[in-house]
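> Dropping the structure in here first, questions after.
The values are calculated or read from the model by the stated rules, or taken from the named source; none is laboratory data. Remember, it's a predicted structure, so these values are computed and weren't measured experimentally. Heads up, the Cβs are rebuilt from the backbone with ideal geometry, glycines too, and the neighbour counts pull from every protein chain shown.
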Amino acid sequence: MSTMLEVRGLTKHFPVRRGPLQRLVGHVKAVEDVSFDVEQGETLAIVGESGCGKSTIGRTLLRLIEATAGSVRLDGEHVLNQPAAKMREMRKQMQIIFQDPFGSLNPRMTVWETLAEPLLLHGLATPKDVREKVSNLLETCGLQPWHAERYPHEFSGGQRQRVGIARALATRPKLIVCDEPVSALDVSVQAQIVNLLQDLQKQFGIGYVFISHDLAVVRHMADRVAVVYLGRIVEEAPAADLFAWPKHPYTRSLIDAAPRPDPNLKNDRPPLEGDQPSALYPPSGCAFHPRCPLATDRCRSERPVLRDVGAARVACHFAENVTATGQVEASAPP
Ligand code: SF4
Ligand code: MG
């Protein structure tokens, strides 16, 4: 496998203005120095509580919002500073699927119009063969050719998400950002859509950035997982490793808080307390320290850097010393 998407130092700050004069009072640091790679045909999940910045990461990758700093390269080509014409060309390669397909599909356009438009716009179909290409797309996504004549409101939630996926697929993208693609769907339908995404990945070698707060779906879907807290990656690891032995206390608390497959399994760990702090005034040192059961004085003053720990990258002073049960070994440095 080869690196397809390379993200380095991605940062997004939103200015905050208050009062009658709209005075600048600070910046919400929504995304802070985020770096990761996605290989061809690979799924990198980005997880974290709502408001942690994971959707902003997805949107800045595609320039739906402009980044404050950092670089994004797709197959070696820079994305963030391309002029509009070149960007239109690159958009073909990078698509997005949203949580709410109803909100992202034009209610006044039939499925035919929704799918024919990108095909014709990007020169992927001619007026002669566009009907056949739309039919193929629908079938690839588990719909029927006659669905093309319908409007979004005539579909179920799962079918609508299939239309959203077909639209993303129309331009033959290398990368699809999936932003909570199944969160709005019934559990039974979720599995169908997840399976469809996996089939398409196998068939076309698409890389996914899979944004989700649902660890059960992530466990099923992801090759690697990046955990985001207050705009920063605090842990990134192969999915199996991360679930078996989370190295960052925040990752552990997310896993412990997730509903368990077997409700009889005892969970004797205390739940994660408190709310995520404001990204306008992030805590000193390690941003997780106000909620961390392992926090020490050092954590309150010194921010841990994200560094290699085995096959993972972890930003915790004690990452090397956290045992499989989440304790810090006695030999840990103070
Ligand atoms: Fe907890 Fe300290 Fe590690 Fe931060 S650096 S996660 S506060 S132990
Ligand atoms: Mg979101």
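> Could you please find all residues in the range 36-55 being assigned to a strand (DSSP E or B) and either under 13 Å from the mean Cα position of the chain (by Cα) or within 16 Å of ligand 2 (Cβ to nearest atom) (or both)?
Phe36, Asp37, Val38, Thr43, Leu44, Ala45, Ile46, Val47
> Those residues that are polar (S, T, N, Q) and either more than 12 Å from the chain's Cα centre (by Cα) or within 16 Å of ligand 1 (Cβ to nearest atom) (or both), I need them from the range 202-234; list them, please.
Gln203
> List every residue pair whose Cβ atoms sit under 8 Å apart, with the two residues 6 or more apart in sequence or on different chains, where the first one lies in the range 133-154 and is more than 11 Å from Ala116 (Cβ to Cβ) and of a type in the set (Lys, Arg) and the second, anywhere, is buried (at least 21 other Cβ atoms within 10 Å of the Cβ) and at pLDDT 95 or above.
Arg150/Val111
> Taking the criterion of being within 16 Å of ligand 2 (Cβ to nearest atom) and either farther than 23 Å from Val38 by Cα or modelled with pLDDT of 95 or more (or both), would at least one residue in the range 277-287 satisfy it?
yes
> Got a number for residues in the range 136-161 being under 21 Å from the mean Cα position of the chain (by Cα) and buried (at least 23 other Cβ atoms within 10 Å of the Cβ)?
1
> For the condition more than 18 Å from Asp33 (Cβ to Cβ), within 15 Å of ligand 1 (Cβ to nearest atom) and modelled with pLDDT of 95 or more, what is the one hit in Arg307, Arg300?
None of the others qualify; the one that does is Arg300.
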